[in-house]
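The values are calculated or read from the model by the stated rules, or taken from the named source; none is laboratory data. Remember, predicted model here, so these are calculated numbers, not experimental data. Cβ: placed from backbone, ideal geometry, glycine included. Neighbour counts: every protein chain shown.
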Amino acid sequence: MSFQLLRNSTRASALFSITKYNLCIPHPHEAALAVERVDPSKFWDYSLALFEQQTGYFDSSTATETQLNMYRYLATLAEETIFIKAEDILEHLNLMPVEISSSEGHNIGNAVLYPEHL
């Protein structure tokens, strides 16, 4: 059912927006969630900045970059556009160290993906 059909219905007051990022590695949506953790009031401004600069984060633009470098670029975008320090964002994005012999596995991710590891 489209918004046009619901606009004049009694259900229109129950509508809400769902933002779904459909991006590939290096996961810009993780950066948006990190922003939300640092300052929830800036989530939408950062999301808009990501949207406006999305071509810079397409696979064709980032194929030779490492995941950690991309996190740095995304954190810098936050610093330049919404004035949150890049290091505050990187606290949530940087991969958590795991010992090589650990039974925890090696695809553990970061604090945005796995908040229980904070």
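Structure data summary
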| quantity | calculated |
| --- | --- |
| Criterion violated by Tyr71 - all others in (1) assigned to a helix (DSSP H, G or I); (2) farther than 15 Å from Asn110 by Cβ satisfied | (2) |
| Test for Ser47: is it in a helix (DSSP H, G or I) and at pLDDT below 90 | no |
| Flag if Glu65 is assigned to a loop (DSSP other than H, G, I, E, B), more than 21 Å from Asp39 (Cα to Cα) and either at pLDDT 95 or above or in contact with a Pro (Cβ under 9 Å, 6 or more places away or on another chain) (or both) | yes |
| Selected residue [crowded, with 16+ Cβ neighbours inside 10 Å, small (Gly, Ala, Ser) and either without any contact (Cβ under 8 Å) to a residue 24 or more places away in the chain or within 21 Å of Ala111 (Cβ to Cβ) (or both)] from Ala49, Ala78, Ala63 | Ala78 |
| Which numbered condition Lys42 misses (of (1) assigned to a loop (DSSP other than H, G, I, E, B); (2) within 13 Å of Ala32 (Cβ to Cβ)) | (1) |
